[in-house]
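**Q** Structure in structure tokens, see below.
Any read-out appearing in this document is the output of simple, stated calculations on the displayed coordinates, not a laboratory observation. Note that the structure is predicted; figures quoted are calculated from it, not measured. Methodologically, a virtual Cβ is constructed for each residue, glycine included, from the backbone with ideal geometry; neighbour enumeration extends over all protein chains shown.
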Amino acid sequence: MKFISLHGTENNITINVLQNELCFFLLGGINMVSDVCTKLWNYNIRDVNIFVGENLGYENEKITHGTVKEMMCYQAENLSVIIVENKNYMKYIPSGIPDSEFIREDIPMTKAEIRALAVSRLNIGKNNICWDIGCGTGSISVEMAMRCPDGKVYSFDKKKQAVDLTRQNARKFSCDNIHAQCMTFPDDIPANMPVPDCAFIGGTSGKMHETVDFILKKNPSAMIVATAVSLETISECLNFSGAEITQISVARTRKIGNHTMMSAENPVFIVRLKSCGE
């Protein structure tokens, strides 16, 4: 059973329920039974069992059971705990989630095969702080979030539509540890932003050097992975010491009449940076 304290603090709820059959939540302060159940509902976790224990060990001890929907309006005592049973919990951490599963609209998205490799290069820990810069649809943010259920993912994009899509996909995939913000990186980033353990760079609007320098000033040991499609961007990346560059070409099958053909995607460069050059 995964134990999560919500007693006067905020911790991840839905991502932990997604990944564990049983979660025990200690409540108190601003977090009540109705708040937890409302969040589960809003983040696409609805087919779970809720057990609420109130005033445990006292004469007025009470244990109540219900569905998420039934418990969304439940008024529990202040001294309460919750056990959430998710029989359909995630049995594995997905890698390269199919593109078709994301809400997309007309915002660019890192494709599944590239995403799988890029995220794997970040070596994300369970309690890491991750930055997704130029988050687009949030596909990278989602795969980051699933690898740090006790951490946070901070997603940045200068386009409001992209930030809205990232938030929608965070809810669809039950990742309440994603915090998407409409900001121009690095100009608008506040000084108190949590320090990243790793960062993915999907777009910098021509500010690659400033972006990498900003991250490494925050944490000189941060693992940084970037994707690029142009030789100009690759040329800029070569100015960083320790740059490891991999070029990936992907081809997917498609049907033409009775035949199956291979359709090539644009080649993509994956760059892993460890330190910033002069």
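**Q** Please report how many Lys pairs in the range 99-273 have alpha carbons closer than 19 angstrom, counting only residues at least 8 apart along the chain or sitting on separate chains.
**A** 9
**Q** Excluding the sites themselves, what is the longest stretch of the chain that contains no chymotrypsin sites (Phe, Trp or Tyr not before Pro) in a DSSP loop with at most 12 other C-beta atoms within 10 Å?
**A** Result for the longest clean stretch: 93-278.
**Q** Right, here's the next one. Could you size up the charge dipole of the chain around its Cα centre, putting +1 on the beta carbon of Lys and Arg and -1 on that of Asp and Glu, and report it in debye to the nearest 20?
**A** Values: 28 positive and 31 negative charges, 139 e Å.
Using Cβ point charges on Lys, Arg, Asp and Glu, the chain gives about 660 debye.
**Q** For a paramagnetic label modelled at 7 Å from the Cα of THR260 toward its Cβ, which residues of the range 94-131 fall within the zone defined by backbone nitrogen distances under 12 Å?
**A** No residues fall inside that zone.
**Q** Would you please name the GluC sites (Glu not before Pro) within the range 1-110 that are DSSP coil residues with at most 14 other C-beta atoms within 10 Å of their C-beta? Mind showing how you got there, number by number?
**A** Working: sites: GLU10, GLU21, GLU54, GLU59, GLU61, GLU70, GLU77, GLU85, GLU101, GLU105; in loops: GLU10, GLU21, GLU59, GLU61, GLU77, GLU105.
Filter output for the range 1-110: GLU10, GLU59, GLU61, GLU105.
**Q** Something else: As a test of understanding, state the convex hull volume per residue of the range 99-139 from its alpha carbons, in Å³.
**A** Numbers: hull volume 3.4 nm³, N = 41.
Once divided by residue count, the hull of the range 99-139 is 82 Å³.
**Q** Take the alpha-carbon positions of the range 2-85, form their convex hull, and give its projected area averaged over all directions (one quarter of the hull surface) in nm². Write out the running numbers ahead of the final one.
**A** Values: hull surface 19.4 nm².
Orientation-averaged projected area of the Cα hull: 4.8 nm².
**Q** Could you tell me the distance between the Cα centroids of the range 26-40 and the range 224-247, to the nearest Å?
**A** A separation of 44 Å, based on Cα centres.
**Q** Tell me, Kirkwood radius of the range 99-273 from alpha-carbon pair distances, in Å?
**A** 16.5 Å
**Q** Using the Kirkwood formula on the Cα atoms of the range 46-101, what hydrodynamic radius do you get, in angstrom to one decimal?
**A** The answer is 13.6 Å.
**Q** Separate question: If I take R0 = 22 Å and measure r between the Cβ atoms of SER95 and SER249 in this structure, what FRET efficiency does the formula 1/(1 + (r/R0)^6) give, to the nearest 0.05?
**A** According to the calculation, E is roughly 0.70.
**Q** Which loop-located trypsin sites (Lys or Arg not before Pro) does the range 47-108 contain, where loop means any DSSP state but H, G, I, E or B and the Cβ has at most 14 other Cβ atoms within 10 Å?
**A** LYS87, LYS91
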